[in-house]
1. From the phi angles alone, apply the Karplus equation (6.51, -1.76, 1.60; θ = phi - 60°) to the range 438-445 and give each ³J(HN,Hα) in whole Hz, x where the residue is Gly or Pro.
2. Give me the net charge of Glu185's neighbourhood, meaning all other residues with Cβ under 15 Å from the Cβ of Glu185; Lys, Arg count +1, Asp, Glu -1.
3. What does the charge add up to near Asp99, with Lys and Arg as +1, Asp and Glu as -1, over the other residues with Cβ less than 14 Å from its Cβ?
4. Using the Cα gyration tensor of the range 208-328, with a ≥ b ≥ c the square roots of its eigenvalues, what is the shape: rounded (a/c below 1.5), prolate (a/b larger than b/c) or oblate (neither)?
5. Name the long-range amide H neighbours of Leu225: under 5 Å, sequence gap of 5 or more, or other chain; modelled H, no Pro or chain starts.
6. Across the range 465-470, in residue order, what do the Karplus-derived ³J(HN,Hα) couplings come to in whole Hz, using 6.51 cos²θ - 1.76 cosθ + 1.60 with θ = phi - 60° and x for Gly and Pro?
7. Can you list the equivalent-ellipsoid semi-axes of the range 204-276, largest first and in whole Å, using the square root of 5 times each Cα gyration tensor eigenvalue?
8. Rounded if a/c is under 1.5, else prolate if a/b is larger than b/c, else oblate: which is the range 103-149, with a ≥ b ≥ c the root eigenvalues of its Cα gyration tensor?
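The values are calculated or read from the model by the stated rules, or taken from the named source; none is laboratory data. What you see is a predicted model, and the numbers here were worked out from it, not measured in a lab. Neighbour counts are summed over all protein chains in view; Cβ atoms, including those assigned to glycine, are modelled from backbone coordinates with ideal geometry. Note: accessible area is taken over every heavy atom of the protein model, side chains too, but ligands, DNA and RNA are not part of it. Shrake-Rupley method; radii C 1.70, N 1.55, O 1.52, S 1.80 Å.
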Amino acid sequence: MKMKKMFLLAFVLLSVSASAQEKRGYYDAPYHRYEAEKATRTGGAALKGPNMDQSKIEAQASDMQYVELTSTGAAIEWTIEHDNCDGVTLRFTMPDKADGWKQNDPYATTPQYKRDNVFTGSLDIYVNGAKRSIYQYGKTSEKIPLSSYWMWQYFSGDQPADEPTGSYDFARFAFDEVHFILEGEPLKKGDVVRLENADGKYPYGVDFIEIEKVPEPIAQPANSLSVASYGKGRNAIDACFDACKKQGKDMYFPAGTYEYYVNEQYNIWMLSGASNIKITGAGMWYTNLHFPASKPSGGGIGGNRTGSNVEFCHMYLSSMLRSRFYQQAIYKGLMECWGNNAYIHDLWIEHFECGMWIGDYQNPIKTTKNARIAYCRIRNNLADGINLCQGTSNTTIEHCSFRGNGDDAIAMWNNSAFSAPDETNNIIQYNTVENNWRAAGIAIFGGDGHKILNNYVKDCYKGAGIRLNTDFDGYKFTNTRSIQFKNNTVTNCGTSWDCYGSKAKGQPAERGAVDFQGEIKNITFENTEICQSHRCAIQMVDGDKTNIKFINTKVNTVGLDGGDASRFTYPVDLGAGRVIYLNGSMKPTFDGLTVRNVTASNLVNFEESKIKNIVWVGTPVYETYTGDDCICQQDDDTAIREVKYFGKDYIISAADGEVEISGLEGGEQLAVYTVLGAQVTARKAVFETETFSNIPAGVYVVKVGNAAVKTIVE
């Protein structure tokens, strides 16, 4: 048996990636995920999926599978592998209300529904067999309250409706989330957590839970005024904000729920006059800033377009909006221009039109410059996660989680409305994007000098993982000299039927996992991993593509959704997905391409095989791969990210379905994980050399204690 050997150096951090710059996604997120399909099922709980059929709920789940708790007594259980965790986030699905929460007058200033009266369902949670209560939104509850109020959008083509009336093609936004703090002792390693359908009202679905240690509340900072001194409603917030500006003090929201609402047309909190101020809560698990209105312009926070040095942080923002109002909601979590040097961080933004829409629409135009957006959770919004537009430049989005959003999760739209300048030098790095149900994970519509680095994009079942196109007004790629994509992973993305297509109606509308459309130039992709593409891995169509380079690209598996029709002009190209699909005038360069589970006949589309526009630097390398995991990876397993010192070296060998670890002393904890964090096997060392057998071929992470190294089993 010929073995590949690796040294596990105890004094060096060896995690899934070889160095810090190769980490991908929100790798330092504080939570640990437990997928439902990995749980023990009892009482009739049923696994749904995996399934790429867009008409199925499971197509919208993580890894396209979830567990349905069909009726009373159905439950799932996980054995916890992490200590001292008391915060829980649950991603779930449940049926919509029969009328889709239809409102008598969606434009009424007085909202028809309040947050406290929309929770019609619940699950029970147990730890080691004992029922636990939870703390959420300032209240203790004996159950986990669930609601479909913010969920479900009904699409005909690209246009969503809020209620399931009339005919529609697909229902999307099938999953939502709740988060809460467990009352009593925190979870510890070895505890068994159980979720049970106790009320039997609905067939609930569980996608996953995430657990974490909730930090202590942030105390009131020095030189600040507390909103609690003024009350809790809109008038109190406005009064405290005005006092802070006059006195030159920061603004503090203690733990609690604050509603920004009065019975009038507009309830957007405008930070007019804000400069050199910090507005902070006690933490995203403690301070809840809620906007109760459900009508257009009913909530959100607008920046000070002429301000500078505004810091906004440490809160959970939510609203009662449940409609885009035909793209006229004007109801973003954060919006408008934020001036110079804004620092926006540690926010949890959910249930708005968009998480953030950074751009000015007044004349004369003002632009956001040098902003930093970091450590935010932008989830379950009706449209974009964050859109940098209207000249926003020199701005960074980093270390954020985007999940369950209804348009591009992260976008840069260099529109020129009101003579806005073009956008330059924005950075998007170390973000995890998941489960978009419309458009793309990351969308770049032009500008210059942007860098998109070390992101992880997953499960965008209705569109591309990364897209560049010229569909929208503005400068587009006219002024583009260089835009760089480096160290990004895209998995389980792309489609044969985007929002403009329908399998049932025979209307193909393909999107590549990485998708180019229109006249685009001067783009470089380096160290890109693309796997499990539903149709094509890389697609370039409609217009010239000048100076497009792909350097060191890895592709694993294409054509998974079975689509074989095309909206393009070459009927001979009907068929399964390709690694590269070209349609138009372009000569992209591919320098270093590794392909797994794809034959040479499906490397490029038929027309490209005749025209040969691609400039090849080196010959593509083909590999056969039979493991369960693809080569793509997200470096987000906190269990293998910590630096530990062991004082000696270990040797890892792998081949022929075996992993061998030598140099052991006995008693060390050993484990083998998939690159996506699922434990394959584990035990404590007894001998100097230990061997794990019957490991399927694939890429794995081998751990000794908390030191880890990636290896390939053949």
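1. So the J values, rounded to whole Hz, are 6, 6, 10, x, 10, 10, 10, 10.
2. Every neighbour counted, the sum reads +1.
3. 0
4. Oblate, since a/c reaches 1.5 and b/c is not below a/b.
5. Amide H to amide H, under 5 Å and 5 or more residues apart or across chains, Leu225 pairs with Asp250, Met251, Tyr252.
6. Going residue by residue, I get x, 10, 10, 10, 7, 10 Hz, with x marking Gly and Pro.
7. Equivalent ellipsoid semi-axes, largest first: 28, 20, 11 Å.
8. Prolate shape, in that a/c is at least 1.5 and a/b is the bigger ratio.
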